[in-house]
Amino acid sequence: MSIGLYGGSFDPPHRGHVALAERAKEELGLTQLHVLVSEDPGHKDVDTPAEIRLQLARAAFPHDIVELDPEPRTVDTLRAHPEWGDPIFLIGADQFSDFPSWKDPDEVLARTRLAVATRPGFPRERLEAVLRTLEHPERVLFFELDPVPVASTELRARLEAGKDVSSDLPDAVASLIRARGLYARPAGYTGRA
């Protein structure tokens with residue numbers, strides 16, 4: 001069995017997230033994918049409650065195992081789940097560029113292989129520079145992904161402004177956001193404390 005892990009804040013999960021997961025399943029022959037919604041990401045502030053992000057991720061990834069990850073760092077998640085064996089952790093090329101700054105990157109690579117989604121035109125030298133810093137660069141795999149130009153930060157801003165972003169979201173996620181009025185600014189919001 002080939003287990004894939006895909007972690008993030010998913011605030012909200014968008015078509016780019018889904019495209020990466022689907023491509024990785026095809027390219028790497030994953031038999032199971034665990035989507036790990038970070039309860040409290042160690043690398044960024046998240047305002048949307050974890051339970052809401054979990055519901056949105058379940059809507060975005062209906063055929064996968066979607067669970068809340070209480071650990072703020074990837075290495076701690078991997079330490080907590082030895083039953084996964086030698087999984088494959090999915091990340092994008094931009095995240096991989098920052099991989100040396102992660103907590104215990106060499107231990108992460110000892111506990112999981114990394115599958116890095118690259119896109120056409122991404123500078124290969126940035127990837128090679130990271131590989132040179134690692135004890136086990138052979139545990140890093142690369143697969144190509146057609147670019148999906150969308151980011152959660154931008155989507156939240158557009159949603160707060162009342163704009164339609166449904167073309168950038170899986171249909172089930174867009175429906176949940178609409179039905180629950182998520183990410184909308186409260187009436188009378190001025191942007192000042």
By residue number, the members of region 113-162 that are exposed (fewer than 13 other Cβ atoms within 10 Å of the Cβ), aliphatic (A, V, I, L, M) and not in a loop (DSSP other than H, G, I, E, B) are 129
Filter result for the condition that a residue is at pLDDT 95 or above and acidic (Asp, Glu), over 45, 40, 104
104
Please go through region 38-72 and give me each residue that is outside any strand (DSSP E or B), of a type in the set (D, E, K, R) and crowded, with 17+ Cβ neighbours inside 10 Å, ordered by number.
39, 53, 58, 64, 71
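The values are calculated or read from the model by the stated rules, or taken from the named source; none is laboratory data. In this text the structure is predicted, and so the values were computed from the model without any measurement. Don't worry about glycine lacking a Cβ; one is built from the backbone with ideal geometry, like all the others, and counts go over all protein chains shown.
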